[in-house]
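Read through the structure below, which is laid out as structure tokens, and then see the notes.
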Amino acid sequence: MKIIDKYILKTFLITFTVVFVILFFIFILQTVWLLIAELAGKDLDTSMIIQFLLFSMPRLVPLVLPLSILLASIMSFGDLSENYELAAMKSAGISLRRTLQPLFILIFVFSITAFVFANSVLPYAEYKFINFRKNIAQAKPALAITEGQFSDVGLYNIKVNKKSGENGNILTGITIHKKSDQGDGSRVVIKAKNGKLVSAEGANTLQMVLNEGNYYEDVIPKNYEDRPKMPFVKSAFKKNIINIDISEFNKVDVSNENITNTSTMLTSSELRYSLDSLQKTFKNDVVSFTENINQRVGVQKMVQPTIKPKKIKNQFQSNLLHLFTPQQQLDILNLANSNLESVKYSIETSTTEFKVKQQNIDAHLIALHDKFVIAFACFLMFFIGAPLGAIIRKGGLGLPVVFAMLIFISFHFTNTFGKKLAEEGSLTPFLGTWMSSFILAPLAILLTYRATNDIGLINMDVILAPFQKIIKKIFPPQN
């Protein structure tokens, strides 16, 4: 390795290390700030808090690593260009392309490391973090109820619009869904204007006192045709007390790991295996559903016409129902209506089920592509940052930080937006996860081309040339 290569590597690595440590510390503080509600007031000892932070740290690497490479590249080459070191190298016959070679190898190592980290360390950390966070939330059920979203507490899903009081036990705008014993969803909904949580320390029962509300319960008839006649039962109350069994919550074990089916917890090989199984199951379900619907709407020999065959030819063109008696006509119409309602309900239910299964498949595909996006982002940020630093000729923490933040915010926003569209089914998982890379890749190519050919960031001559021609036509030069 030549001296110039060692010098460039040393300059970049020192800058990268300092930037990475600072950014990682900032993101850890942000994580603590966002999740402080889950740690405060739950009597957690220091070791549990340290575990919580350790499990959350690996999740920050996909954010910190590309940003650190981008900022370190801009700062390093900005310093080299500002101090005319790049100009000295070029005068000695060392082009910018040759200057980037040792760093290209280093970024390749970073990229491989990022992929290995995202494929092995990150799934394990996600697995530990989600389970540990779930167990912390169960340490005190009264604190597990979050404003503005449904919280799973015992046999109930509880949502409140606002929590107040010294211990957050005064609730306003309460909606409760009670889980069905048959495991087929929720048939009971309770709404109340306000309420209060009452519980003793170490008790196995959490008492919820509700004021001024309504109680709704779906009634499932024996015959599906009777469902429109019995939509639900409604009753009003001024005061209602619900006792929630929380005996399982008081047996909290922070080492309990019962959540294992999240796609972000799987490695690439596990994701491929799961995807193969999910896609085969999905295709089989679609085929089974279509065959079932085809059989249900098929023509069956239910009743025979009472009119003689000779008369059928004359009446066939007018109305088929005239071939049957009035009672048979009524039976046929009732049967057709019942079949239509049944098929409609089956289609609506299956559509929702298929949509959930497709979203699960898309989530696995997004998690798989995301591991490769992290690795590619290291190259992308380097080939944006290094040429940009050489062009702007500014080092330090001023202008480079501004450029780095603008580029990274664009990358992160586009990446998040694309994955959100992919999760909703508006984009394919491939396009959703790679959207940010596809958008910024032309910028990296353009900057690299302009830097290697000693072209500035903006060629003012090209912009001003049309205006100069117009001015010359209006005011021709005088001899």
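The values are calculated or read from the model by the stated rules, or taken from the named source; none is laboratory data. The model shown is predicted, which means the values in this text are computed figures rather than measured ones. Here the Cβ is made from the backbone with ideal geometry for all residues, glycine too, and neighbour counts use every protein chain on show. SASA here: full protein model, heavy atoms, side chains in, ligands and nucleic acids out. Shrake-Rupley method; radii C 1.70, N 1.55, O 1.52, S 1.80 Å.
Rolling a 1.4 Å probe over the protein chains gives Asp152 an accessible area of about 70 Å². For region 1-122, with all protein chains present and a 1.4 Å probe, just round the carbon and sulfur fraction of the accessible area to a whole percent. Carbon plus sulfur share of accessible area: 73 percent. The simple Förster model, with R0 at 35 Å and r as the Cβ-Cβ distance, assigns Asp454 and Lys2 a FRET efficiency of 0.95. Rolled with a 1.4 Å probe across the full set of protein chains, the surface gives Asp331 an accessible area near 80 Å².
Extending 7 Å from the Cα toward the beta-carbon at both Leu9 and Phe282 defines two label points whose distance is 4.5 nm. Pairs Lys159/Lys179; Lys6/Lys90; Lys283/Lys371; Lys196/Lys239; Lys2/Lys90; Lys283/Lys357: which are spaced more than 19 Å apart, C-alpha to C-alpha? Beyond 19 Å between Cα atoms: Lys283/Lys371. Sorting Trp33, Trp434 by accessible area puts them as Trp33, Trp434; the probe is 1.4 Å, largest comes first, and only protein heavy atoms count. Once the piece of chain linking Lys473 and Ser91 is laid out straight, how much longer is it, given 0.36 nm per residue of separation minus the C-alpha distance between them? Going from the current span to full extension adds 133.4 nm.
Estimated at 0.36 nm per residue, the fully extended path between Ile409 and Met57 surpasses their Cα-Cα distance by 124.7 nm. Other residues lying with their Cβ under 11 Å from the Cβ of Thr452 contribute a combined charge of +3, Lys and Arg counting +1, Asp and Glu -1.
Positive contributions from Lys and Arg (+1) and negative ones from Asp and Glu (-1), summed over other residues with Cβ under 13 Å from the Cβ of Gly418, come out at -2. I want the local charge near Asn211. Using Cβ-Cβ distances under 12 Å, sum +1 for each Lys or Arg and -1 for each Asp or Glu among the other residues. Counting the neighbours of Asn211, the net charge comes to +4.
In this view, the solvent-accessible surface of Phe150, computed with a 1.4 Å probe and all protein chains in place, comes to about 100 Å².
Summarising the label geometry, the points placed 7 Å from Cα in the beta-carbon direction at Val116 and Ser180 lie 5.1 nm from one another.
Each label was represented as a point 7 Å from its Cα along the Cα-to-Cβ direction; for Gln207 and Lys191 these points are 2.8 nm apart. Near Leu427, the amide H atoms lying under 5 Å from its own belong to Ala422; only residues 5 or more places off or on other chains count, and H is placed 1.01 Å from N. Computed from the C-beta positions of Ser346 and Glu270, the FRET efficiency with R₀ = 35 Å rounds to 0.55. Amide H contacts under 5 Å for Leu155: Asp245, restricted to partners 5 or more places along the chain or on a different chain, H placed in the peptide plane at 1.01 Å from N. Full extension of the chain between Ser47 and Phe25 yields a length gain of 6.0 nm, computed as 0.36 nm times the residue separation minus the alpha carbon distance.
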